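Let me begin by presenting the structure, written as structure tokens, before commenting on it.
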Amino acid sequence: MEMCWQIQRPASLRLVLHQKGRLKINTCIGFLHPHPKSYSFSSLASLESQYSSNGFLHQITATTDFSRKKQGRMSASGPKSSAPTGFGRRTSAQKKNVEKDSNATSTVTNEVLRISNLPEAKAIVENQSSEVFGERNVLDRSETEDGSNQVDNKITEDDALLQVKIKAERENLRRKEIEALAEETLLRGDRMFVYPLTAKPDEDIEVFLNITLSTLNKEPDVLIMGAFNDWRWKSFTRILEKTWINGDWLSCLVHIPKEAYKIDFVFFNGQSVYDNNNSKDFIIDIKNGMDKVEFENFLLEEKWREQEKLAKEEAEREREEEEKRRIEARKAAIEADRAQAKAETQRRREMLQQALEKAVVSARNVWYIEPSNFKGGDRVKLYYNKSSGPLANAKEIWTHGGFNNWVDGLSIAEKLVDAELEDDSKSGDWWFAEVIVPVRALVIDWVFADGPPEGAFLYDNNSRQDFHALVPLTTPEEVYWSEEEDLMFRKLQEERRLKEEAMRVKMEKTGRLKAETKERTLKKFLLSQKDVVYTEPLEIQAGSSVTVLYNPSNTVLKGKPEVWFRGSFNRWTHRLGPLPPQKMEAADDGSSHLKTSAKVPLDAYMMDFVFSEKEDGGVFDNKDGLDYHLPVVGGIAKEPPLHIVHIAVEMAPIAKVGGLGDVVTSLSRAVQELNHNVDIIFPNYDCIKYNFVKDLQFNRSYHWGGTEIKVWHGKVEGVSVYFLDPQNGLFQRGCVYGCADDAGRFGFFCHAALEFLLQGGFHPDILHCHDWSSAPVSWLFKDHYTHYGLVKTRVVFTIHNLEFGAGAIGKAMKFSDKATTVSRTYAKEVAGNSVISPHLYKFHGIVNGIDPDIWDPYNDNFIPVPYTSENVLEGKRAAKEELQKRLGLKSSDLPLVGIITRLTHQKGIHLIKHAIWRTLERNGQQVVLLGSAPDPRIQNDFVNLANQLHSTHGDRARLVLTYDEPLSHLIYAGADFILVPSIFEPCGLTQLIAMRYGSVPIVRKTGGLYDTVFDVDHDKERAQAQVLEPNGFSFDGADAPGVDYALNRAISAWYDGREWFNSLCKTVMEQDWSWNRPALEYIELYHSARK
């Protein structure tokens, strides 16, 4: 039978099933040929792939009755002929022959239809043929295999021929369509078109240009130059070739990448002559691909992947470098250990030689050993004549021994027993002990005593020469010492390994604790704003949505009928611009919070927002000019680093006078750890502690102010420092402060520092100056440098103590862009001062922090037992015992109050005196004071107090009236309480250090003391608002009843609730009073200064 399959364009096929059920396909290209060729079903798949890829429509309709099958072979349909097949137009006769062939062979009826669904037809034919083949599976194998190779070869050749013919027909059709498009393009007056008309991602298009209408009509070569997506993706250049189309058309193929949404291109001659569509460039939109936003995200993802790749490569390079360093260090350590083993062995050999010269095998009538020939490891009897020496009347006799001139100290301790010798030659009172000879012994060393090592009183030590016996049977001397050197080397190696392992474990724990602390601090920082604003989730993730919740009742928008959210990203600089204003709606939890949501871009590192009463503005809540900024994590972009330059006259530890020096160093380190760039410009005093300066080297020299200024550069605590050394001697005074011309000295330094920045080509974002001593930077910068190279720089000024240099401070307040002081409460306390009050709009309070690396009880070499909050009780107990021992106090487990301070009226010296006496009056408590007074009268007053206390309460009170850094660490660790009764205190570091060491602060409510210490009885809500727990005892007044109130409660808590007090020590130790949070606040301030 036969099934005919005809395709309308560009080809026709005829399927023939013949010869014992074999299904074949007869092809007719153009019109049906009278001599069809037969093809297997493999041709269908090939044909399907050809047509489906070019968008042709296929439809097959076939009917047949396969129930009526002929037995035996089916004959081929149609007349046999040698006429070639081809692309010629078929004649009517041929068409009749085809119809005749179809009707003569089977009952299959065929309809010539418009092709629409080739795959479906293929499936139908395959299913039907499977029925035939299934019912015909009883064919004789020899019959089916007969001539199979010849048939298969014929099928393969016919498949190839079919493909060629289909491709030719397709090309013919494509050319006609292109010619039609070219004609239409010219009719429109255009000179360029593409084929196919709809460009799609990951496909090819052909670009055509009519050279006659182009500015390139006289050029020998024409090229296309282009890229995708606004010239941002995958540029290309191709040469255009001459086409078959009439009218000077050129063309080339361009592949469209899957990421493209637009093609941008121009034509040119390869040099300087262009056809750029009248300066508009040629543009073709791409359908069904990415849109612009998706492409931007794709680019960001690509950038992120590249960053990840680079980071991995960098990490691998660092790992390899670290491995190299480790190997080199290991080699150096081995060499050092070998050298040390050699030297130590030689020293022992020389020392042992002295013992060998004194050693004998026995001492007549004093001692001997049996057997006389022995070696290391043998058990021998050591005999001693008790009556020969000072132990004649001793009730017990012991030998205390070692070997090789006591190389390992005391290693033998045995009690002697009466020998009861019957040998008349051994006159005297003989005693003996069995002793095992040490394995590596060349000589045995010992003395005799009247008791064991810990209880002996009387000794026979051979007139202070000790007793020494040779070991007769030993290893040859050179072999022995070679073995000793190797044993010593192995011992040193093991000691080094254990030491390095302990250091590694400690470093890892320190790093983990710091990371955990920083993570907790950031979370608390975010939660501390919850009464005004917070997000869900609390940690904002790039590429996800976030809900912002805002409580207007605690802001200037309280009572407003509407609140609008206005936001952006990356400090208002994001490429997508600000978000559209969004009206906030009530939160779902029934609280007074309002909410809105926003999608966070992949390249966000910061979310920025403010709130307003209307869509178009009105009253704003912008956090007092700082705006609200919340960090975004998981993004592919990092915040660009700021460059901050501190100009200061104090810096710890190289030239520290007060807290200013600590702040300059610690704040710089903390900001640098947040990936910003920090430099410090500092006077090159002749009193600098250069042992704390690393990599100091000459940098440059410049002239200013009538003198040469030499500049040196080094690192202090990891921070870059430029030391200015004017050759006029202003800083060669042996001191930081205390000269009559201090104002002139520091004024010169400030101007010289700005000149150094200008001449050195520096362009910092922020100049940060401190107190009266570097206040001139603010107005000198604005008067002389803001228009001469340092245009983008902004000035931040910090007041550490308003008691000094109020005039200079007031002027700096006027000229600075932002001003701060060292706590929020102190900012309120000084807000009414005439030098501050006109500038409150730019004045902010930021609490200082402490350096957790300097003040770290887990890595503190000045305390006996390192500790964390996990073993705080053990660590503080050991520190208290050591403190009591060092200062001569009674060793007892009683409350100990520590006071570490400068003895000035600001620090409340009258309250300190009262607290000392009050402490001693109660139940035997102890008190320790460390400090000195710059005023000689105050110093003498405390000297007299110390003499009185030491004579009357010597085992309970100790006043150390000097500066002692190691002792201060021990007091912080050993004290139960630290008292800070300051009359005023801008910030205060003493209470922060105390809590770092698990000591509970007792403070007066003022300045930074109020901001950092929350009374356990009265400040629970205030602490909760800061996401903290109460952490100490405080009082209001500046008199005796006030300090008594806090001190009595503290000591009573120690006695009455010891378990609770111990948990309080753990709580205060876990609170983070480092620079982690203040550094974040300063960075926000720096950015606000630059707005």
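Judged by the mean number of other Cβ atoms found within 10 Å, the most tightly packed of the peptides 590-603, 1005-1018 leads the ranking 1005-1018, 590-603. At an R0 of 41 angstrom, the distance between the Cβ atoms of residue 160 and residue 241 translates into a FRET efficiency of 0.90.
Scattering from segment 358-474 was approximated by placing one identical point on each alpha carbon and applying the Debye formula without solvent; log10 I(q)/I(0) at 0.13, 0.18 1/Å stands at -0.44, -0.88. As a rough guide to protection, the peptides 301-310, 990-999 ranked by mean Cβ packing within 10 Å, highest first, stand as 990-999, 301-310. Once the 1.4 Å probe is applied to the protein heavy atoms, the chain comes out at 49 Å² accessible per residue.
Annotation: peptides 1032-1038, 1072-1078, 621-627, ranked by per-residue average of other Cβ atoms within 10 Å with the highest first, follow the order 1072-1078, 1032-1038, 621-627. Taken one residue at a time, the phi angles of segment 267-273 give Karplus couplings (6.51, -1.76, 1.60, θ = phi - 60°) of 10, 7, 8, x, 10, 10, 9 Hz. Gly and Pro are set to x. Site pair residue 902 and residue 614 shows an inter-label distance of 5.3 nm when each label is modelled 7 Å from Cα along Cα→Cβ.
Defining a contact as two alpha carbons under 8 Å apart and six or more residues distant in sequence, what relative contact order in percent does segment 533-633 show? For segment 533-633, the relative contact order is 34 percent. Solvent-accessible surface (1.4 Å probe) assigned to residue 762 amounts to roughly 30 Å². Full extension of the chain between residue 357 and residue 937 yields a length gain of 202.1 nm, computed as 0.36 nm times the residue separation minus the alpha carbon distance. At an R0 of 30 angstrom, the distance between the Cβ atoms of residue 504 and residue 457 translates into a FRET efficiency of 0.05.
If you take the Cα centroid of segment 672-690 and the Cα centroid of segment 583-615, the two points sit 41 Å apart. Extension gain, residue 861-residue 273: 0.36 nm per intervening residue step, less the Cα-Cα distance, totals 204.0 nm. Normalising the average separation of contacting C-alpha pairs (under 8 angstrom, six or more residues apart) by the number of residues puts the relative contact order of segment 358-474 at 33 percent.
For segment 771-804, the set of trypsin sites (Lys or Arg not before Pro) satisfying both a DSSP loop assignment and a count of at most 12 other C-beta atoms within 10 Å is given as 792. Here residue 917 sits with roughly 80 square angstrom of accessible surface, probe radius 1.4 Å. Calculated mean residue ellipticity, 222 nm, the chain: -12000 deg cm²/dmol, from DSSP H runs (n ≥ 4) at -39500 (n - 2.57) each, averaged per residue and rounded to 500.
The distance separating the Cα centre of segment 760-820 from that of segment 186-243 comes to 60 Å.
How high is the FRET efficiency from residue 964 to residue 576, r the C-beta distance, R0 51 Å, rounded to 0.05? Efficiency computed from Cβ-Cβ geometry: 0.30. A Cβ-based charge dipole, computed about the Cα centre of the chain with Lys and Arg at +1 and Asp and Glu at -1, lands at about 3220 debye.
Amide H to amide H, with H built 1.01 Å from N, residue 1014 comes under 5 Å of 1031, 1032, counting only residues 5 or more places away or on other chains.
All distinct Cα pairs of segment 872-1073 go into the 1/r average, and the inverse of that average, the Kirkwood radius, is 16.7 Å.
Within segment 509-547, whose backbone N sits under 15 Å from a point 7 Å along Cα→Cβ of residue 307? Taking a point 7 Å out along Cα→Cβ of residue 307, the residues of segment 509-547 whose backbone N falls under 15 Å are 541-544. Simple rule: put +1 on each Lys or Arg Cβ and -1 on each Asp or Glu Cβ in the chain, find the dipole, and look at 767, 957, 345; the Cα lying farthest toward the positive end is 767.
Measure off, as a whole percent, the carbon and sulfur share of the 1.4 Å-probe accessible area of the chain, all protein chains present. For the chain, the apolar C and S fraction of the accessible surface comes to 50 percent. PRE reach from residue 921 (point 7 Å along Cα→Cβ): which of segment 1017-1045 fall under 16 Å by backbone N? Within reach of a label on residue 921: 1039-1045. Here, P(r) means the percent of Cα pairs in each 5 Å bin from 0 to the largest distance; for segment 162-290 it is 2, 10, 20, 22, 20, 15, 8, 3, 1, 0.
A simple spin-label model places the labels of residue 465 and residue 562 11.0 nm from each other, with each point 7 Å out along Cα-to-Cβ. Close amide H pairs (under 5 Å, H built 1.01 Å from N) link residue 959 with 929, residues at least 5 positions away or on another chain.
Of the cross-linked pairs 523/1066; 524/792; 331/358; 518/1005; 560/1091, those separated by over 31 Å at the C-alpha level are 524/792; 331/358.
Taking every alpha-carbon pair under 8 Å whose residues sit at least 6 apart, the chain reaches a relative contact order of 5 percent. Note on the chain: Cα-only Rg and Dmax are 47.9, 153 Å.
In segment 178-219, taking the dipole from charged Cβ atoms about the Cα centre, the farthest positive-side position among 198, 182, 211 is held by 211. Each label was represented as a point 7 Å from its Cα along the Cα-to-Cβ direction; for residue 806 and residue 881 these points are 5.4 nm apart. Near the amide H of residue 1071, within less than 5 Å, lie no amide hydrogens of residues on another chain or at least 5 residues away, with H placed in the peptide plane.
The values are calculated or read from the model by the stated rules, or taken from the named source; none is laboratory data. Since we're looking at a predicted model, the values are computed, not measured. Note that we place each Cβ from the backbone using ideal geometry, even for glycine, and neighbour counts take in every protein chain shown. All accessible areas refer to the heavy atoms of the entire protein, side chains included, with ligands and DNA or RNA removed. Shrake-Rupley method; radii C 1.70, N 1.55, O 1.52, S 1.80 Å.
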